[in-house]
1. With the contact rule set at Cα under 8 Å and sequence spacing of 6 or more, what percent relative contact order holds for the range B:100-294?
2. Taking trypsin sites (Lys or Arg not before Pro) as exposed when DSSP calls them loop (any state but H, G, I, E, B) and at most 12 other Cβ atoms lie within 10 Å, what is the longest stretch of chain B free of them, the sites themselves excluded?
3. Report relative contact order for chain A in percent, whole number only (criteria: Cα-Cα under 8 Å, sequence separation at least 6).
4. Inverting the mean 1/r over all pairs of different Cα atoms, compute the Kirkwood radius of the range A:67-114 and quote it in Å.
5. Can you tell me the length gained on complete extension of the stretch A:Y260 to A:S57, counting 0.36 nm per residue apart and subtracting the Cα distance?
6. Before rounding to the nearest 500, sum -39500 (n - 2.57) across all DSSP H runs of length at least 4 in chain A and divide by the residue total; then give [θ] at 222 nm in deg cm²/dmol.
7. What is the sum of charges, Lys and Arg at +1 and Asp and Glu at -1, for the other residues whose Cβ falls under 13 Å from the Cβ of A:L164?
8. Give me a single rounded figure for A:149-156: the average over its residues of other chain Cβ atoms within 10 Å of their Cβ.
Amino acid sequence: MGDLKLKNLNKSFGAVHVLHDVNLRIDNGEFVVFVGPSGCGKSTLLRIIAGLEDVTSGSIAIGGRDVGALSPAERKIAMVFQSYALYPHMSVRKNLAFGLENLKFKRAEIDARITEAARMLAIEPYLDRRPKQLSGGQRQRVAIGRAIVRDPDIFLFDEPLSNLDAALRVQTRAEITKLHREMQTTMIYVTHDQVEAMTMADKIVVLRAGRIEQVGTPLELFDHPRNLFVAGFLGSPRMNILKGRITIGDDRSVLVDVGYSTLLRTDVDSTTVAAGQEVLAGVRPAHFALADAEGLPFEVQYHESLGTETYVYGKLQGQSEQVIVHQPGHFAPAPGAILKIMPLDGRLHVFDPASELALARGRA
Amino acid sequence: MARATGLADRALDLVMALVEAPINAIERLIGRGRMPYVFLAPNLVLFGIFTFLPIAIAVGYAFTGGTELLISDRPFVGLDNFRKLLTCESYLVPGSCEESLFWTAIWNTLWFVGFNVAGTLLVALVTALILNRAIAARGFFRAMFLYPVLLSPVVIGLIWKWFLDRNGLLNVFLQMLGVPPEIFLLDVGWSRFFVVVVSVWFHMGFYTLILLAGLQAIPKDLYEAAAIDAATPSRTLFRITLPLLAPNLLVVLILLMIKSVQIFDEAWVLTNGGGPGTANTFLVQYIYQMAFAGDLRLFGLASAASVLMGLVLLVLTLVQLRLGKKVES
């Protein structure tokens, strides 16, 4: 069974503490993506699960069995490396067979598994070629094939798409997702690309500086980021951040004043805030709508037309940060024009500037 | 410090000024396109005088007889020297050959090459595999194994001679253990054994270095993939490490083979000129003795033996290069 439990995991390289008290539960069959900026510890975490690094403290259990003292081979995992790590002197067939031969599988069983994996990945024509004679995309498939033939409890992917070009990356992304649907096996996937995380994951684990910032489904994280970091990391372009103050309405509703006559409505729990409290208000570019008279005055600087959508870059008077507004289709405001914009209902995120945590929501 | 730098700068300026004028003149004379050959010329001349010319002269001498030094004074004898070297009732029995010492030297050289190549390759490979791991004081060990390479062959020969002498360190040590002393260098078996040991000890550092460079070029993630693929250490060695090290092993094999055939100086010093008897007389020593050490200076015979040895080395190298291309593809 491919469920995984990490408990109070810590890892140090010498004096450098790279993972801090990581606790995580992954259910059997889940597709989990570890995402975060370079150096956040996501690859180290994956390598610890694989058994390629040992832990400084804490425990790892796969299928209820403590695997902390087991070698990589004994953990029933398979890994796809960023570099693919194919054996350059062996044919594709030998690459796929190597692990099974080491485990003393019967010849017929090895051949059957290779045939099946080759069919799934459409690499039958290349079985007798060397890795050097394959394109990047084909090598990638072979690397995945080498993992499939092992029939592991957990697949581990370490940034497997980063060496592919953009078109191939989109295609391979879809194929890995399809593979997961067919195999129903637990997959753990490391990437720094938030688009991969959003599109592939059942569950995303956001890491920063060796700590888990938030765990949840892609849309949970997108709609309700727990803190400013998660809010900024997921979603492209980034969430706009405005400085503001809390105002409490007559009906105990909580409003945010970002410096204009128009106040922004939020669903923050009124019992947790005080009037006048400084906050950061976050609105994703796509969650700004053009308003008529009532709205924030947005001065256009320039825009980028992508055909199906347009990003308008500009400033809100009195706010220092640049603000990006998304509009569907063609839209060409003149530089210097003042547009009125308003966040969509329920799409305003409010954060405490000191702790960077999202403020508690009230019952709407 | 600043003044010294200024002085060095001024010296450099002076040299450049002196060189610039003639270089510019040559360039005007022959054109820029031919300038590379001008810069190559000094080296080519030296190479020609000290390498290519002697080869040509040796080939010439191989067809002459007598004991005169100048080739103009020497009678042309055609293939006589080669005929003399190659006339044998059985090549397996040096005593049946007209030039029996030549064949003794050939057989001595062959067994030396066999044991020395196998021994050095094995020791260098094992050392490189160990030094490639994250062991303590790795830098120190790397330097230590390379150190003998820096010594002169004569020094190596003398050090080991003292060590193996009747009153040498080894016998002192053996006597402490209650083992009767042995005059190693006067025993045919022991002396041959120690010629190989000394040669392996002397040269292994260099080959270790080549193999170590090859080992470090193998990507670390292949070993991680092998670990996940449940490969045992021995299977990792034989299925991953050695196949990927094959190009370096081939380079080592070729260099080692050529170097082994050329065995002379350290063995000559160690065995007091090839002894006991002719047990350690090798091909190069035979050539040296014929040309320079005997009562008669048989330059023709020595040159003919050199030419034969050169041909054998050439064939060996070509075969190995051909094999190497197969290994790569």
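1. Computed value for the range B:100-294: 37 percent relative contact order.
2. Working: sites that count: B:R133, B:R166.
With a cap of 12 other Cβ atoms within 10 Å, the longest stretch comes to B:167-329.
3. Numbers: 744 pairs, mean separation 55.4, N = 364.
Relative contact order for chain A comes out at 15 percent.
4. Working: mean 1/r = 0.0817 Å⁻¹.
Averaging 1/r across every pair of different Cα atoms and inverting gives 12.2 Å.
5. Working: separation 203, 0.36 × 203 = 73.08 nm, distance 5.22 nm.
That works out to 67.9 nm of additional length.
6. Values: 8 runs with 86 residues, N = 364.
That calculation yields -7000 deg cm²/dmol at 222 nm.
7. Details: positive: A:R139, A:R141, A:R169, A:R173; negative: A:E159, A:D165, A:E175, A:D193, A:E196.
It works out to a net charge of -1.
8. On the way: counts 0, 3, 0, 1, 0, 0, 0, 1.
For peptide A:149-156, the averaged partner shielding equals 1.
Laboratory data are not the source of any read-out in this text; all were calculated from the coordinates shown. All figures in this text were calculated on a predicted structure; none of them were measured in a lab. Reconstructed Cβ throughout: ideal geometry from the backbone, glycine too, with neighbour counts over all protein chains shown.
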